[in-house]
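Chemist: Quick one: the structure is below, questions incoming.
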């Protein structure tokens, strides 16, 4: 039970934080089509957050709603991937981060459609449609940017090199994952690596980008042991109204 | 009384917000000497804030401390100058903002040393020493940047043109100012303009910079009627701990 | 001259003008200006609302706001496309926005300072926009008219959402109520300004009405807006910041104070609260995105070349 | 050889080496490396603490933290100046930091995540730094020794302030206590790493000790740090995250677990939690400030020229 709650927070916090990051682009994207597409991705991710944290609240059984989990926990209690916490950088950096996440997200959600938890499999099925669309889009853009100009190639390659060790966190299996895997709720993260690798490698090849070879995994986000400094700033902004007006309803 | 409180908040909120902005430079300045100097200015301004808001709390008589006023009021209740709320931009922008403010600050504090309120005149005397030093420094830097390279000249001129209409807010007199002036506590802001103009014009001339001629005053910060969008973001960050942990003492 | 007469006859006959039809040069220019301004307003209009996406108070409110801002970008897209049928490209229009040659609605130079402002923007600003736009569904230029039909449908949805935020705030805690009243105070007159100066001071109006690019006068629409909005404010328990406001039985509408038109002209001149910041944000997005747009073009060129090469090879 | 012997004799005689004195090339290089690294650590060390200035919980805490970060920049300044006496410029050293050729203390690659971390940094990190630095007041190179004397005085003040934050947190609400414990958990082992690898794995040590650039061994200092810190943690009611920790009567000190040295080497390699972000922040400050430094130089040149011209005119 606590493992299941914890694991749900890992999902919901990651989509929340990443959705927040993406939403920071609203009105500031380099082309109108990206303004629309990024808002759409953010919207989907916040939708997933509602479902995952909603379920987390139910599983916890203390009557906390998705909103309470989202807006009333401090950084220490968050379980978001470090990758999601990374600031946006330029649009190439944002799309690279998205691509690395989307490939993992799709592999994960696909596996979760077979979850022993009906609730999990239902949510996963809904989310998978959206995530697949995100992945199509980000894969396509990585190919176009990687195989675009020298500058776009250089920028995306640099983003990839920077983000790689953060992406590796997605495939680290710990005791929470073991417990949830035991219960048939979710796959061990390490088992998602092969599918991820094959999709990512194929896209990078077409994009003429070099797959980084640093296997080191920067960890601490998903297990909550050591987040990035960015998370606190993000939450200060995100949670302001709920913190400043705890008695209000909106 | 309410006018006096309001007027004290105008001072204290402005030094608080400007001190916050300056402190954002810590560790990010272009030379080590600026890291040190900017931290020093921020430190002084936060010190002034403690004195002004401390007195404001006393005058209000509801038992609110300087910290409560600083960390538990939302944007609507702030009375900071729009100039102070402006994001830092590059170091030239920051120093231009500082120069325009310092020249006003010195003129104001000098006048306040003759305040009918002993408390005000005491605080002003203390703050004046520091503010005079700030003004010497920022004046000197404006001269060096204005009469430096073409690029530095262009950057500072642009900052000046952008900030000018915000600076004009410092000299707008409203009913609060009238009431406080009636009581001999403080001068009417408009009376500070001449001293400001003469210092600013002299420095700009030496800096080979052109004095902007837009007399329009962007208002709404000092009277609280229409702040900038920046203030809310700044407060979300600044007030996070006090908002998230209302029962804690630090 | 003959062409012009025939053109005017078609308009008088309620026919739609389509891109390939002949049209007077001035008609084309006026439409480009209107549609461009309208498109720019949607784009710049993302900014004041976008300012609160990261601080939306609940997940649901965040989703609603994201969807709304996304719709606005979508409206921008329809309108630029419609303008392109008149022979002006989106990039051209964007350059004109950034250089200050073309304007956007002045209302977006006002800041959003509390969450209630997001309600007020939906309720008042979208409300005023709809008032302006509903008649434009029947405008004489076909692509513009069709874009407006799609847009109006979504806008009225946005307005209801804005009103819903206001209702929550106005019936919430004391602090929320204060925010709601403050938002109304700050957005009331700027919303009235959205209809433009009084008819007697308004340029370009006559010809535009003859061409059915403009359907109602500014003052008509403003009156209609006030008449619709005042009862809503009463329903919310908020007071409209106008001491002169009074029901006038005779005209069947409210008497109300005019906004401060000198403020309006200052805002247009660039002295609004957020003018620079709005344009600066858009310029930054445009300039910093240049490499991105270049890359997509370069890739498209490469792909085209590759297709051509493989066609040639297949033909050999 | 003779020179070297005389040089070593002076050191053995506890004399200070001064900039104009002859010194072996390797002594100079080792000192440049040490002092440069030390200066860079002060500069980079501004970042994790600077991260909380804008969120400090009270005005007084904000002032204390500002003053502390300012002191660190000041220490950087002393140390760069002291290094300059060895013939290397501050700009050179900065370039070497940014290119990765020179290091800074690995501890600053760890993030500050809660307000308690600001306490932990003062208490543990400054505590460990002082342990390293106190002996350096007696180091053989005069300018370095004098810089250390100034620095140590301020550092011990910082350490007390850090401990004071921890005390407030450890005796505060449940949430504050949890933050304090969490900060100790995260900073304990990285602080132990600050003394460097165990003596048996440490390079450069012997020669440095002979030259009195280094006074104590890494393990000696680490033991001293643990012995000093454990009772403080007990006083705070916090538990040191080490199951092996136990008082050893015989050696008159604590037995404790070694940190995970593979983590240490990963951090040095660049895989610490914040390596890129730290260097990126410094690089950005440096690159974006180039125009500013150029302008100050250009102005100084102009002024010098003007003075020269007016001197010439006066002479005519």
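Chemist: Would you confirm whether any residue within region D:97-108 is facing another protein chain (nearest Cβ under 10 Å), closer than 24 Å to residue D:158 by Cβ and at pLDDT 95 or above?
Modeler: No, the conditions are met nowhere in region D:97-108.
Chemist: Taking residue D:68, is it at the interface with chain B (Cβ under 9 Å from one of its Cβ atoms), crowded, with 22+ Cβ neighbours inside 10 Å and either free of Cβ contacts under 8 Å to residues at least 60 places away in the same chain or more than 19 Å from residue D:137 (Cβ to Cβ) (or both)?
Modeler: Criteria not met by residue D:68.
Chemist: Could you list, in sequence order, the residues of region D:44-59 that are in a helix (DSSP H, G or I) and at the interface with chain B (Cβ under 7 Å from one of its Cβ atoms)? Reasoning before the result, please.
Modeler: If we filter region D:44-59 for residues that are in a helix (DSSP H, G or I), which is where we start, we get D:44, D:46-50, D:53-55, D:59.
Scanning region D:44-59 gives D:46, D:47, D:50, D:53, D:54, D:55, D:59.
Quick grid of which residues meet (1) within 14 Å of chain D (Cβ to nearest Cβ); (2) touching a residue at least 40 places away in the same chain (Cβ under 8 Å):
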{"residue": "B:151", "(1), (2)": "yes, no"}
{"residue": "B:160", "(1), (2)": "no, yes"}
{"residue": "B:181", "(1), (2)": "no, no"}
{"residue": "B:196", "(1), (2)": "no, yes"}
{"residue": "B:209", "(1), (2)": "yes, yes"}
{"residue": "B:225", "(1), (2)": "no, no"}
{"residue": "B:236", "(1), (2)": "yes, no"}
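Chemist: Going by the conditions given, is residue C:78 more than 11 Å from chain A (Cβ to nearest Cβ) and at pLDDT below 95?
Modeler: Judged against the criteria, residue C:78 is not a match.
Chemist: Hey, can you tell me all the residues within region A:190-237 that are at positive phi and touching a helix residue (DSSP H, G or I) at 6+ places or on another chain (Cβ under 6 Å)?
Modeler: Hit for region A:190-237 is A:208, nothing else.
Chemist: If you take the residues in region B:16-26 that are in contact (Cβ under 8 Å) with a residue 60 or more places away in the chain and at the interface with another protein chain (Cβ under 7 Å from one of its Cβ atoms), which one is farthest from the chain's Cα centre (by Cα)?
Modeler: Among those that are in contact (Cβ under 8 Å) with a residue 60 or more places away in the chain and at the interface with another protein chain (Cβ under 7 Å from one of its Cβ atoms), it is B:24.
Chemist: Failed condition for residue D:153, given (1) more than 14 Å from every other protein chain (Cβ to nearest Cβ); (2) assigned to a helix (DSSP H, G or I); (3) in contact (Cβ under 8 Å) with a residue 24 or more places away in the chain; (4) farther than 16 Å from residue D:41 by Cα, with all others met?
Modeler: (3)
Chemist: Let me ask something else. Give me the helices (runs of 4 or more DSSP H) completely within region C:234-316, filtered to those with at least 2 residues that are surrounded by 12 or more Cβ atoms within 10 Å (Cβ to Cβ) and more than 14 Å from chain A (Cβ to nearest Cβ), ordered by residue number.
Modeler: Values: elements: C:261-266, C:275-288, C:290-315.
Here the list reads C:261-266, C:275-288.
Chemist: When you go through B:35, B:44, B:102 one by one, which is the residue that is more than 14 Å from chain D (Cβ to nearest Cβ) and either touching a helix residue (DSSP H, G or I) at 6+ places or on another chain (Cβ under 8 Å) or in a helix (DSSP H, G or I) (or both)?
Modeler: B:102
Chemist: Is there any pair with a first residue in region D:198-213 that is assigned to a helix (DSSP H, G or I) and a second that is at pLDDT below 75 whose Cβ atoms are under 7 Å apart and which are 6 or more apart or on different chains, and what are they?
Modeler: Here the result reads D:199/D:205, each pair linking region D:198-213 to a residue that is at pLDDT below 75.
Chemist: Then there is this: Return only the number of the condition from (1) over 30 Å from residue B:72 (Cα atoms); (2) surrounded by fewer than 17 Cβ atoms within 10 Å (Cβ to Cβ); (3) within 13 Å of another protein chain (Cβ to nearest Cβ) that residue B:147 does not satisfy.
Modeler: It is condition (2) that residue B:147 fails.
Chemist: Then there is this: May I ask you to verify whether residue D:255 is touching a strand residue (DSSP E or B) at 6+ places or on another chain (Cβ under 6 Å) and at pLDDT 95 or above? Walk me through how you get there before you give the answer.
Modeler: Numbers: touching a strand residue (DSSP E or B) at 6+ places or on another chain (Cβ under 6 Å): yes; at pLDDT 95 or above: yes.
When the stated conditions are applied, residue D:255 passes them.
Chemist: Follow-up. Residues B:66, B:111, B:29, B:75: which one is modelled with pLDDT of 95 or more, within 9 Å of another protein chain (Cβ to nearest Cβ), surrounded by fewer than 24 Cβ atoms within 10 Å (Cβ to Cβ) and within 24 Å of residue B:168 (Cβ to Cβ)? Quick ask: steps written out before the conclusion?
Modeler: On the way: B:66 fails: within 24 Å of residue B:168 (Cβ to Cβ); B:111 fails: within 9 Å of another protein chain (Cβ to nearest Cβ); B:29 fails: within 24 Å of residue B:168 (Cβ to Cβ).
Going through B:66, B:111, B:29, B:75 in turn, just one is modelled with pLDDT of 95 or more, within 9 Å of another protein chain (Cβ to nearest Cβ), surrounded by fewer than 24 Cβ atoms within 10 Å (Cβ to Cβ) and within 24 Å of residue B:168 (Cβ to Cβ): B:75.
Chemist: In region B:42-57, what count of residues is obtained for those that are under 25 Å from residue D:278 (Cβ atoms) and surrounded by 24 or more Cβ atoms within 10 Å (Cβ to Cβ)?
Modeler: Residues meeting the conditions: 1.
Chemist: Tell me yes or no: at least one residue of region D:2-21 is under 20 Å from residue D:112 (Cα atoms) and either buried (at least 24 other Cβ atoms within 10 Å of the Cβ) or more than 25 Å from the chain's Cα centre (by Cα) (or both).
Modeler: There is no residue in region D:2-21 that is under 20 Å from residue D:112 (Cα atoms) and either buried (at least 24 other Cβ atoms within 10 Å of the Cβ) or more than 25 Å from the chain's Cα centre (by Cα) (or both).
Chemist: Could I ask something else about it? Is it the case that residue C:224 is farther than 28 Å from residue C:70 by Cα and either within 14 Å of chain A (Cβ to nearest Cβ) or in a helix (DSSP H, G or I) (or both)?
Modeler: On the way: farther than 28 Å from residue C:70 by Cα: yes; either within 14 Å of chain A (Cβ to nearest Cβ) or in a helix (DSSP H, G or I) (or both): yes.
For residue C:224, the condition - farther than 28 Å from residue C:70 by Cα and either within 14 Å of chain A (Cβ to nearest Cβ) or in a helix (DSSP H, G or I) (or both) - is met.
Chemist: Conditions: (1) facing another protein chain (nearest Cβ under 8 Å); (2) within 20 Å of the chain's Cα centre (by Cα); (3) surrounded by 20 or more Cβ atoms within 10 Å (Cβ to Cβ). Residue A:243 meets all but one. Number of the miss?
Modeler: (2)
Chemist: Kindly indicate whether residue C:184 is modelled with pLDDT of 95 or more, part of a loop (DSSP other than H, G, I, E, B) and surrounded by 17 or more Cβ atoms within 10 Å (Cβ to Cβ).
Modeler: Working: modelled with pLDDT of 95 or more: yes; part of a loop (DSSP other than H, G, I, E, B): no; surrounded by 17 or more Cβ atoms within 10 Å (Cβ to Cβ): yes.
Judged against the criteria, residue C:184 is not a match.
The values are calculated or read from the model by the stated rules, or taken from the named source; none is laboratory data. Worth saying up front: this structure is predicted, and the values here are computed from it rather than measured. A quick note on method: Cβ atoms are made from the backbone with ideal geometry, for glycine too, and the neighbour counts reach across all protein chains shown.
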